[in-house]
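A short worksheet on the structure shown next.
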Amino acid sequence: RAHPVSRFDGFVGRFARIFDLPEERSREILDAAHTVPGQGWVGTPLPGLHLYHFSGGPRVATADCGLVHLAAGTPFPLHRHLGREWNFILAGQHENSSGDSWLPGDLVINETGTEHHYRAGDAEPLLVAVVLEGGIEIVR
């Protein structure tokens, strides 16, 4: 089946490996990234934050897998990781409290017990594909 060209086409193979999914399913999920806030996306109490949950493959079956869309310039509060988290940056800029900044294509791993806050860059919304083991706890 032919697919229209998507801005995320270059990420399909890597996305499939991270989430242990076939490329066809990965393409379907990445297509949802164009629909914020549309079908499948849920709002949250944090203004500007939308989530899209999906099931990963066998290797990440027990983790929470999803897309995170944070409006441009929006901060995400200080939080602690209760398990390991993989963040695959798809669009926008992730500005971490450590002073680091990540861009599309970067894979960022947060280890269990780490704490940080971050914000989406001002130029465009931040879109991140996330594998989250154990969840997070908002510190404040």
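For the range 84-136, with every protein chain kept in place, what is the accessible area per residue (1.4 Å probe, Å²)?
On a per-residue basis, 44 Å².
Which whole-number percentage describes the relative contact order of the chain, with Cα contacts under 8 Å and a sequence gap of 6 or more?
25
Give, as ranges by residue number, the residues of the range 104-140 whose backbone N falls under 15 Å from the point 7 Å along Cα→Cβ of Leu51.
Counting only backbone N, you get 128-139.
In nm, what is the difference between 0.36 nm times the number of residues separating Arg14 and His34 and their Cα-Cα distance?
5.4 nm
Please list 3J(HN,Hα) in residue order for the range 127-138, calculated via the Karplus relation 6.51 cos²θ - 1.76 cosθ + 1.60 where θ = phi - 60°; whole Hz, with x for glycine and proline.
Residue by residue, the range 127-138 yields 10, 10, 8, 10, 10, 10, 9, x, x, 10, 10, 5 Hz.
Using Cα atoms only, what is the angle between the long axis of helix 23-32 and the major principal axis of the chain, expressed in degrees (0 to 90) to the nearest 10?
For helix 23-32, the angle is close to 60 degrees.
If you compute Cα extents along the principal axes in Å for the structure shown, which of (1) 43, 32, 26; (2) 47, 33, 26; (3) 56, 32, 28 do you land on?
Read-out from the structure maps to (2).
Check which residues have an amide H placed less than 5 Å from Gly134's amide H, if you skip close sequence neighbours.
For Gly134, whose amide H was placed from the backbone, the distant partners under 5 Å are Asp64.
Quick one: dipole size for the chain, taken about the Cα centre, charges +1 on Lys/Arg Cβ and -1 on Asp/Glu Cβ, in debye to the nearest 20.
180
Could you list which residues have their amide H under 5 Å from that of Leu21, counting only those 5 or more apart in sequence or on another chain, with H placed in the peptide plane?
Gly57
Do the sum for the chain: with -39,500 (n - 2.57) for every DSSP H run of n ≥ 4, divided by all residues, what is the mean residue ellipticity at 222 nm, to the nearest 500 deg cm²/dmol?
-3500 deg cm²/dmol
Out of the total accessible area of the chain (probe 1.4 Å, heavy atoms of protein only), what percent is carbon and sulfur?
In the chain, the share of accessible area belonging to carbon and sulfur is 53 percent.
The values are calculated or read from the model by the stated rules, or taken from the named source; none is laboratory data. This structure is a prediction, so every number in the text was calculated from the model and none was measured. Cβ coordinates were reconstructed from backbone atoms using ideal geometry, including for glycine residues, and neighbour counts include every protein chain displayed. Note: areas computed on protein heavy atoms with side chains; ligands, DNA, RNA excluded. Shrake-Rupley method; radii C 1.70, N 1.55, O 1.52, S 1.80 Å.
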